1. Amide H to amide H under 5 Å from Ile174: which residues, 5+ apart in sequence or cross-chain, H placed 1.01 Å off N in plane?
2. Got a number for carbon plus sulfur as a percent of the chain's accessible area, 1.4 Å probe?
3. Given the options Asn141, Asn199, Asn71, state which has the largest fluctuation in a GNM of the chain using a 10 Å cut-off (strictly under) for Cα springs.
4. In whole Hz, with x marking every Gly and Pro, tabulate ³J(HN,Hα) for segment 142-156 from phi via Karplus 6.51 cos²θ - 1.76 cosθ + 1.60, θ = phi - 60°.
5. Compute the signed sum of charges (Lys and Arg +1, Asp and Glu -1) over the other residues within less than 15 Å, Cβ to Cβ, of Asp96.
6. When only DSSP loop residues count, what GluC sites (Glu not before Pro) in segment 150-213 have their Cβ near at most 11 other Cβ atoms within 10 Å?
7. Each residue of segment 80-85 in turn: what ³J(HN,Hα) in whole Hz from Karplus with 6.51, -1.76, 1.60 and θ = phi - 60°, glycine and Pro shown as x?
8. What residues qualify as long-range amide H neighbours of Gly47, i.e. H under 5 Å apart, gap of 5 or more or another chain, H built at 1.01 Å from N?
Amino acid sequence: MHVLLFDDPAIRPHLLPFTFTRPISGLRCGILTLAEKWQHRLQLPVGYLTELYLQAKYPAGSVQGPALVINGAICPSDMLVQQVQRLQAGEALYSDQTLVAAHLADASMVAELIQDGFQNTHEVEEPITIIQQVWHLFLYNGAEIRRDFDLLTKGRQSEPVGDAHTIVYAPENIFIEPGVKIRAAILNAENGPIYLGKNSQVHEGAIIRGRLR
């Protein structure tokens with residue numbers, strides 16, 4: 001099964017200038033890009049259906065055989081992913097008039113089907129997060145940080161801070177990947193989680209505050 005994230009033509013122009021240099025799903029909201037969110041949840045590599053000049057860096061990969069085609073502007077949730085995975089060949093999922101996802105028996109027909117629509121459709125079971133304007137990246141960032149934090153840290157153990165001169169508030173909301181270097185900083189996660197990626201550095205005097213909204 002291939003996973004293809006497409007640029008919705010009704011949304012892409014509203015996300016310029018960011019989408020001049022990347023697909024919609026290459027935008028970051030929260031800890032992860034939209035593409036990384038789908039890849040983590042589906043546990044499958046993703047391809048991109050985007051502008052021709054972007055395809056060298058963001059290829060579609062194989063477009064032969066069955067595929068899940070997903071709107072690259074949508075942030076996945078647990079329930080939405082379950083609905084997408086339940087789609088049978090020829091079925092599509094919508095949120096009002098917006099195509100969310102479809103299961104294609106033949107991915108080579110994706111352009112025609114996206115343009116013409118689908119006959120066998122379902123509605124999403126809960127409100128979904130769609131990045132339709134540039135300011136949505138900031139509006140939804142706090143909630144997406146929390147959602148990504150839970151996704152990335154589930155069942156895992158954080159590395160310790162390991163620096164006696166760093167002050168930590170609410171350590172249960174802080175996750176540190178291997179290779180992180182922290183020196184004489186303040187980490188305050190009382191109002192939201194803090195996630196420090198692999199091999200990142202937090203230098204002397206830095207103050208990092210988590211946020212929920």
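The values are calculated or read from the model by the stated rules, or taken from the named source; none is laboratory data. Only a predicted model underlies this, so the values are computations on that prediction, with no experimental measurement involved. A quick note on method: Cβ atoms are made from the backbone with ideal geometry, for glycine too, and the neighbour counts reach across all protein chains shown. Please note that ligands, DNA and RNA were not included when accessible areas were found on the heavy atoms of the full protein model with its side chains. Shrake-Rupley method; radii C 1.70, N 1.55, O 1.52, S 1.80 Å.
1. Under 5 Å from the amide H of Ile174: Ile194.
2. With neighbouring chains kept in place, the figure for the chain is 52 percent.
3. Ranking Asn141, Asn199, Asn71 by mean-square fluctuation puts Asn199 first.
4. Result, rounded to whole Hz: x, 5, 6, 4, 4, 5, 5, 4, 4, 5, 7, 9, 4, x, 10.
5. Numbers: positive: none; negative: Asp8, Glu123, Glu125, Glu126.
Combined, the nearby Lys, Arg, Asp and Glu give -4.
6. Details: sites: Glu172, Glu190, Glu204; in loops: Glu190, Glu204.
Passing sites in segment 150-213 are Glu190, Glu204.
7. Those phi angles translate into 5, 4, 4, 5, 4, 5 Hz.
8. Here the answer is Val3, Leu4, Leu5, since their amide H atoms fall under 5 Å of that of Gly47.
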